[in-house]
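The values are calculated or read from the model by the stated rules, or taken from the named source; none is laboratory data. Owing to the predicted nature of the structure, the values given are computational and were not obtained by experimental measurement. Positions of Cβ are backbone-derived with ideal geometry, glycine not excepted, and every protein chain shown enters the neighbour counts.
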């Protein structure tokens, strides 16, 4: 009979061999560490991939929202074109990526500003010249405002502005600016040209209210 006089009472019922087999061997430890490390690497990679994808989507969404606001501001200005402070015709010049005209974009000021909407690099800008003098003239420096960033029109070869006459016919001859009555604006927006999501085209239009019927 096995002597249990020197064992603690709670161990008297378990053979020494059974207790020893309950430990974790070195091989088991190495395997467990390896599995844990692999799982952590896989989880970290998944989280990084998720973050990169969603970061691009958030950036793209923000760029589109900002471009839409900029386009809305441009449309509001186009709708209220008017003769200049010194009586010049409302439309100054037209082009695929530039449109210049006169309008009062600061209501209550009583001033008619010279406005230039144009795309340069990857942004849509608004240039504003305030009149001065008597009689008024537009010799002051042009103040430039950014309406939208991440605009890819020049990169992809897409015209920003389209021009139409009173009957709705497209005007291709930019020397015929006196015939323009309707404007379309098309912005190709892409915050990252090397990753998803793909570029999105925003389109809007405006009628020059003060020239309709003339």
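Numerical summary
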read-out	value
Filtered residues of the range 126-164 (kept if over 19 Å from residue 95 (Cβ atoms), within 31 Å of the chain's Cα centre (by Cα) and part of a loop (DSSP other than H, G, I, E, B))	130, 141, 150
Boolean, residue 181 is within 16 Å of the chain's Cα centre (by Cα) and free of Cβ contacts under 8 Å to residues at least 40 places away in the same chain	no
Leading residue by the ranking (nearest to the chain's Cα centre (by Cα)) among those in the range 88-104 that are in a loop (DSSP other than H, G, I, E, B) and farther than 17 Å from residue 210 by Cα	97
Flag for residue 132 being surrounded by fewer than 16 Cβ atoms within 10 Å (Cβ to Cβ), in contact with a strand residue (DSSP E or B) (Cβ under 7 Å, 6 or more places away or on another chain) and at pLDDT below 95	no
Given (1) over 18 Å from residue 100 (Cβ atoms); (2) modelled with pLDDT under 95; (3) surrounded by 12 or more Cβ atoms within 10 Å (Cβ to Cβ); (4) out of contact with any helix residue (DSSP H, G or I) (no Cβ under 9 Å at 6 or more places or on another chain), number of the condition residue 158 does not satisfy	(2)
Residue match in the range 165-178 (condition: within 27 Å of residue 66 (Cβ to Cβ) and assigned to a strand (DSSP E or B))	no
Candidate set from the range 175-206 (those that are surrounded by fewer than 15 Cβ atoms within 10 Å (Cβ to Cβ) and touching a strand residue (DSSP E or B) at 6+ places or on another chain (Cβ under 6 Å)); member that is farthest from residue 112 (Cα to Cα)	201
Residue match in the range 75-87 (condition: buried (at least 16 other Cβ atoms within 10 Å of the Cβ), assigned to a strand (DSSP E or B) and at pLDDT 95 or above)	yes
Residue 55 being farther than 26 Å from residue 163 by Cβ, under 16 Å from the mean Cα position of the chain (by Cα) and either surrounded by 13 or more Cβ atoms within 10 Å (Cβ to Cβ) or touching a residue at least 60 places away in the same chain (Cβ under 8 Å) (or both)	no
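Yes/no matrix, rows are residues, columns are (1) in a helix (DSSP H, G or I); (2) modelled with pLDDT under 90:
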| site | (1), (2) |
| --- | --- |
| 28 | yes, yes |
| 42 | yes, yes |
| 48 | yes, yes |
| 70 | yes, no |
| 106 | no, yes |
